[in-house]
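Here the structure comes first, spelled out in structure tokens, and everything after it is commentary.
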Amino acid sequence: MSLIFSSALWMAIWGGMFTGYYNLPNLSSTNPFEFFQGFRALLPLFSLYVCLVWLFKERTRFPFFKDPLGFLFLYSIVGITTSLLLSPAMGQSMYWAGAYLSPLFMMWVVLRDQDAKLLLRFICYINYGVFFMLTFLLLPEAIKIFRGQAGFSAFYNLPLGFGGVTKNGVGRYAMIVIIVAAMRFLSETRRRRYVWLSIVFPGLFLLMQTQSRTALLGLAVCSALYMIMKRINWRYFLASPIVIFILWFSGYRMRAHGRLDALIDLSGREATWGRAFQLIGQSPFLGWGFDADRIMMNQEHIHNSYIHASIQVGIIGALLFFAALVSIWLLVLKTRLLEHTRDIKGEDQTVLMESILIVAFLTSRSFFESTAAFYGVDLLLIVPAMAFISLYAYESRLAESVLAEVT
């Protein structure tokens, strides 16, 4: 598959973001924007269809037997079964099941290509580009709030009428920008590295301004993990006071107003979790199908990946989802990939380290947000990152086995 073609398919999967099943009736609208929103809702399904045709044509084998993404694939298959058999709104559930499958089938196509690393890198670049764009589009509103020209709110408005984003969502955008820009600054040796440094600071400002605890937790996790990957070095400890100040000022002083109990408060999540557990108890093994929280809980959002997975696909599917996140870290540890990143040269090293940090951030986020349990921004981030990590992990394991045989 060509680089242009695969990039276009991935952009089509992104094209379904900030729209969805609820906009499909707009395909009959005479309003251009409403029609556009309805048309965009079909793009992930279009990408899925093209991937299916491509796989049928090439007769390529299933690539996920030993890959953590295989657990996500099985999770989605269980979700399709449940959506067909148990969902109170089968059409709605099947739409979101198809959207969820689209990035996984895209990875199936990419991983069977001889230039899989190149294609995955460009998919990661597309993700970075989207996050940079969203971050800087939301920055003016954050500056207005900072200057007192607008009130602080739990929601930020996207331009062009694309809807709103929660402050945790905005914090996620900022955190990805910080990861990518900081990694580029630290890996570059030429003067242009300072261009990346100039991008880190707006990302930090936006993250602090949102007061998102999940993003702040991600900042702490990623900072510690980076020092492990690069070996603990006194130079990195010079940046520690900056990270600690951000965590203290944004999280403890601004968000919690200096109160520890407010810092660890679940913000009403426990009440939502209780209602979710009641529904899970009515169909514990298979759940109620994709988008069950919106269908059966009056549009409530679960704010926990594992509970979200349980209400959609039951205990069986939730265990598969949990296994996907656990297995990617077991793979990293067993292949000593954190150490091997130091030996990789060039752009692949940077993208690999970014992928590890992104998966680390989203793993920590999964306990307080529904990371990758449904079609959304987090899913499109974590799927190519996990694929890139898996490629290098298995290469590292193969290289070690070959070396052992030679010696």
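The values are calculated or read from the model by the stated rules, or taken from the named source; none is laboratory data. The structure displayed is predicted, hence computed values, not measured ones. Note that we place each Cβ from the backbone using ideal geometry, even for glycine, and neighbour counts take in every protein chain shown.
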Inset, instruction - Would you mind stating whether residue 300 is part of a helix (DSSP H, G or I) and of a type in the set (Asp, Glu)? - result: no
Legend entry - Residue list for the range 77-97, filter: crowded, with 22+ Cβ neighbours inside 10 Å and assigned to a helix (DSSP H, G or I): 78, 79, 82, 83, 93, 95, 96, 97
Inset, instruction - Quick one: residue 66 ticks every box in (1) part of a helix (DSSP H, G or I); (2) basic (Lys, Arg); (3) touching a residue at least 60 places away in the same chain (Cβ under 8 Å) except a single one, so which number is it? - result: (1)
Inset, instruction - Give me the pairs, please: first residue somewhere in the range 225-250 and under 19 Å from residue 356 (Cα atoms) and at pLDDT 70 or above, second residue anywhere and of a type outside the set (A, V, I, L, M, F, W, C) and outside any helix (DSSP H, G or I), beta-carbon distance under 7 Å, and either six or more positions apart or on two chains. - result: 229/341
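Of all helices (runs of 4 or more DSSP H) completely enclosed by the range 328-407, which ones contain at least 1 residues that are polar (S, T, N, Q) and modelled with pLDDT of 95 or more?
In the range 328-407, 347-365 are the helices (runs of 4 or more DSSP H) which contain 1 or more residues that are polar (S, T, N, Q) and modelled with pLDDT of 95 or more.
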Inset, instruction - Select from the range 283-306 the residues that are buried (at least 19 other Cβ atoms within 10 Å of the Cβ) and modelled with pLDDT under 90 and write down the one among them that is nearest to the chain's Cα centre (by Cα). - result: 303
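Which residue, of 55, 120, 74, 101, is part of a helix (DSSP H, G or I), under 13 Å from residue 384 (Cβ atoms), of a type in the set (A, V, I, L, M, F, W, C) and out of contact with any Gly (no Cβ under 7 Å at 6 or more places or on another chain)?
Criteria check complete, one pass: 120.
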Inset, instruction - Can you confirm whether the range 96-113 contains a residue that is of a type in the set (D, E, K, R), within 20 Å of residue 10 (Cα to Cα) and modelled with pLDDT of 90 or more? - result: no
Inset, instruction - Could you list, in sequence order, all residues of the range 4-13 that are crowded, with 20+ Cβ neighbours inside 10 Å and not β-branched (Val, Ile, Thr)? - result: 6, 9, 10, 12
Inset, instruction - Starting from the range 274-291, keep only residues that are under 19 Å from residue 375 (Cα atoms) and of a type in the set (Asp, Glu), then list their pairs with residues that are in a helix (DSSP H, G or I) and at pLDDT 95 or above whose Cβ atoms are within a distance under 6 Å, requiring at least 6 positions of separation or different chains. - result: 291/92; 291/93; 291/96
Legend entry - Selection from the range 2-41 of residues that are part of a loop (DSSP other than H, G, I, E, B) and under 22 Å from residue 377 (Cα atoms): 16, 17, 18, 19, 20, 41
Legend entry - Residues of the range 303-312 that turn out to be farther than 14 Å from residue 87 by Cβ and part of a helix (DSSP H, G or I), as a count: 6
Inset, instruction - Kindly indicate whether residue 135 is hydroxyl-bearing (Ser, Thr, Tyr) and either within 30 Å of residue 61 (Cβ to Cβ) or surrounded by fewer than 20 Cβ atoms within 10 Å (Cβ to Cβ) (or both). - result: no
Legend entry - Any hit, the range 152-163, residues being of a type outside the set (A, V, I, L, M, F, W, C) and either without any contact (Cβ under 8 Å) to a residue 12 or more places away in the chain or within 21 Å of residue 242 (Cβ to Cβ) (or both): no
Inset, instruction - Could you look through the range 357-378, keep only residues that are out of contact with any helix residue (DSSP H, G or I) (no Cβ under 6 Å at 6 or more places or on another chain) and of a type in the set (A, V, I, L, M, F, W, C), and pick out the one that is farthest from residue 314 (Cα to Cα)? - result: 377
Legend entry - Cross-chain or 6+ apart pairs with Cβ under 8 Å, the range 327-354 first and surrounded by 16 or more Cβ atoms within 10 Å (Cβ to Cβ), then among the acidic types (Asp, Glu): 335/400
Inset, instruction - Please work out which one of (1) at pLDDT below 90; (2) touching a helix residue (DSSP H, G or I) at 6+ places or on another chain (Cβ under 9 Å) is the condition residue 163 fails and give its number. - result: (2)
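Rundown of residues vs (1) in contact with a Ser or Thr (Cβ under 9 Å, 6 or more places away or on another chain); (2) loosely packed, with under 15 Cβ neighbours inside 10 Å; (3) closer than 18 Å to residue 211 by Cα, yes/no style:
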position	(1), (2), (3)
109	yes, no, no
114	no, yes, no
124	yes, no, no
145	yes, no, yes
148	no, yes, yes
151	no, yes, yes
Inset, instruction - For the range 328-335, state whether one or more residues are under 19 Å from residue 86 (Cα atoms) and among the aliphatic types (A, V, I, L, M). - result: no
Inset, instruction - Please name all residue pairs, on different chains or six or more residues apart, with Cβ atoms under 6 Å, provided the first residue is in the range 31-45 and is closer than 20 Å to residue 97 by Cβ and modelled with pLDDT of 95 or more and the second residue is crowded, with 16+ Cβ neighbours inside 10 Å and hydroxyl-bearing (Ser, Thr, Tyr). - result: 40/19; 41/19; 44/102
